[in-house]
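> Take a look at this one; I'll ask things after.
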Amino acid sequence: MSENSEFITKLYDFKAKDLMKTTSRNMPFVEKNADLSHIFSVLNKNDHVWVVENKENMHVIGVITESDTILLFSPPYTPLQSFNKPSLQSLQYGLSSNAEDIMSKKPVTASQEEKIIDVIWKMKQHKIKQVPVVDENYTLLGEITLHHFIEKYKKEQAKTV
């Protein structure tokens, strides 16, 4: 078995709590009533932002990714929508004014005790690059991102050189 295979097999047995970035002031999150300006300032430094009910309970209710914001910048009609309703999320309409308006609801989550292999399967199945780690009340405890896997792999490779 190659060193890479051994490392990946070990990685699969890790738990989410072993790799997650824990909640801190640097964690990308906003409250559900955050305005677009605040959301964009967070997205300017991150490719996603978790949406929580409020800072007191940190209950995760959604996520906004850079990809989600494309609707905001798109014209209200696209050529394929000429007979459909326009996108009301377009900034041209001004109807999307806070995080709750533009977030993807009910994000895929992981528990602290969940094995990394299961987290990876969720990410692959849902085609996402980040997962919030939550408790039974959906309180944001941390996050696992594809970047965390890349960092862990690079560190392991540095040990073998």
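> From the cross-link list Lys55/Lys129; Lys21/Lys45; Lys55/Lys122; Lys32/Lys105; Lys32/Lys115, which pairs have alpha carbons spaced over 22 Å apart?
Numbers: Lys55/Lys129 24 Å; Lys21/Lys45 16 Å; Lys55/Lys122 27 Å; Lys32/Lys105 11 Å; Lys32/Lys115 30 Å.
In this structure, Lys55/Lys129; Lys55/Lys122; Lys32/Lys115 lie more than 22 Å apart at Cα.
> What spacing in nm lies between the two simple spin-label points modelled at Asp35 and Asn57, each 7 Å away from Cα in the Cβ direction?
About 2.6 nm separates the two model spin labels.
Laboratory data are not the source of any read-out in this text; all were calculated from the coordinates shown. These figures come from a predicted structure and were not determined experimentally. For neighbour counting, all protein chains shown are included, and Cβ atoms are generated from backbone atoms with ideal geometry for every residue, glycine included.
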